[in-house]
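K.L.:
Sharing a structure with you now.
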Amino acid sequence: MMKVLVTRPLPKQVIEGLSGLDVTVRDSNVPMTVDEIAAALAAYDILLPTLGDALSAEAFTGSIRCKLLANFGVGYNHIDVAAAQAAGLAVTNTPGAVTDATADIALTLMLMACRRAGEGERMVRGGQWAGWHPTQMLGMHMSGKTVGIIGMGRIGQAIARRCHFGFGMQVVFHNRSQKEVDFPATQLPSLHAVMGAADVIVLAMPGGAETRHMIDAKALAAMQPHGVLVNIARGDVMDEAALIEALQAGQLAGAGLDVYEREPDVPQALINMENVTLLPHLGTAALEVRVDMGLMAVANIRAFAAGEELPNAV
Ligand code: 8YV
């Protein structure tokens with residue numbers, strides 16, 4: 001019987017989906033270290049890992065029994081895919097299952113940052129609200145403005161649709177390849193052109209070596225001073241230190257972040273800024289979404305066990 005290690009507790013429907021296999025669920029929510037991963041790769045046929053598990057090249061240097069990494073999540077920047085494949089492992093992910101929930105969190109952050117919702121909530125909770133007045137806590141009216149999407153994949157498109165159809169926003173975008181979409185949106189010739197043209201920038205590109213610090217000090221300097229930046233991708237697609245400096249220098253008006261360079265560490269400088277909305281990687285945090293993600297990973301495991309083509313090979 002194939003031995004499967006699920007690296008974190010998952011909703012019970014997902015674990016039930018693995019019935020008939022020899023399943024171990026690791027009883028911890030702390031990401032696995034390289035040493036733990038190396039030991040697991042030697043002991044199990046299949047791993048169902050997730051965000052933060054240290055599947056770096058170093059983990060694949062020992063003896064390896066494992067043949068499949070069925071990742072829970074669409075993003076797999078914690079996996080050195082080339083090293084895994086060179087060691088004979090296949091890698092799968094969960095595209096589609098995360099799209100709408102992640103786009104919803106992007107809109108949450110856009111609205112919160114534009115309309116100063118976090119700041120307002122802190123004021124009310126802190127007993128500091130002295131009453132409504134006509135010029136109190138004025139933010140940016142988001143409807144009808146221009147959104148700039150960086151990375152027009154599934155999630156980028158879901159965000160753009162919400163912006164266009166729901167908020168009457170103009171959509172401009174940057175994507176590494178030419179992209180046709182079935183709603184009004186303009187692909188601009190460069191990243192900096194998008195950074196400069198939009199009132200709200202949303203980062204929706206994949207993480208990993210190719211996009212690391214793509215949003216650097218220069219890209220941030222191209223933004224308009226009233227602009228707002230939202231990141232629902234991965235923390236390291238942006239130079240976090242450069243963001244802090246740009247916010248402090250007033251090169252942009254605010255930010256909404258769901259992801260960070262060194263999760264769960266959030267720089268104190270960001271925590272200190274009223275104009276920054278901070279969420280704890282909530283992109284897909286809804287039970288039905290986590291079940292869908294898990295069942296997609298299970299479907300990949302089932303296909304592998306049956307010797308069939310993997311539905312979501314990366
Ligand atoms: C996940 C995500 O919940 O699917 C992804 O890539 O970023 C998430 O929202 C988490 O990262 C598990 O992979």
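Each reported figure results from applying straightforward, stated rules to the coordinates on display, with no laboratory input. Small disclaimer: the values here were computed from a predicted structure and weren't measured. With ideal geometry, Cβ positions are generated from the backbone for all residues, glycine too; neighbour counts draw on all protein chains shown.
K.L.:
Can you say what percent of the DSSP beta bridges in region 134-286, counting only those with both residues inside, are antiparallel? Round to 5.
P.N.:
Within region 134-286, antiparallel bridges account for around 5 percent of the total.
K.L.:
For I64 and V124 in one chain, what is 0.36 nm times their gap in residues minus the Cα-Cα distance, to one decimal in nm?
P.N.:
Here the segment from I64 to V124 would lengthen by 16.0 nm.
K.L.:
Still on this model: Using the Karplus curve 6.51 cos²θ - 1.76 cosθ + 1.60 with θ = phi - 60°, work out ³J(HN,Hα) for each residue of region 4-10 in order, rounded to whole Hz, and write x for Gly and Pro.
P.N.:
10, 10, 9, 7, 9, x, 10
K.L.:
Which aspartates and glutamates does K12 reach when only Cα atoms under 18 Å apart count, and residues fewer than 8 places away in its own chain are ignored?
P.N.:
Candidates past the 8-residue exclusion: D22, D27, E288, D292.
K.L.:
Taking each pair of distinct Cα atoms in region 184-236 once, what is the resulting Kirkwood hydrodynamic radius in Å?
P.N.:
Across region 184-236, the inverse of the average 1/r is 11.7 Å.
K.L.:
With the calculation restricted to Cα positions, what are the radius of gyration and Dmax of region 201-314 in angstrom?
P.N.:
Calculated on Cα positions, Rg and Dmax stand at 17.7, 57 Å.
K.L.:
Going by amide H atoms built from the backbone, whose H comes under 5 Å of the H on G256, apart from near neighbours?
P.N.:
HN-HN under 5 Å from G256: L229, V230, N231, T277.
K.L.:
Distance from the Cα centre of region 210-250 to that of region 1-67, in angstrom?
P.N.:
Using only Cα atoms, the two centres lie 34 Å from each other.
K.L.:
Region 257-314 to region 120-137: how many Å between their Cα centroids?
P.N.:
If you average the Cα positions of each part, the centres end up 34 Å apart.
K.L.:
Have a look at the chain and give its Rg and Dmax from the Cα atoms, expressed in angstrom.
P.N.:
21.0, 69
K.L.:
A further question on this structure: What FRET efficiency do you get for D182 and L282 if R0 is 25 Å and r is their Cβ-Cβ distance, rounded to the nearest 0.05?
P.N.:
After rounding, the FRET efficiency stands at 0.30.
K.L.:
log₁₀ I(q)/I(0) of region 99-278 at q = 0.11 Å⁻¹, via Debye over equal Cα point scatterers, no solvent, to two decimals?
P.N.:
Calculated log10 I(q)/I(0) at the listed q: -0.44.
K.L.:
According to the Kirkwood expression over distinct Cα-Cα pairs, how big is the hydrodynamic radius of region 4-53, in Å?
P.N.:
11.2 Å
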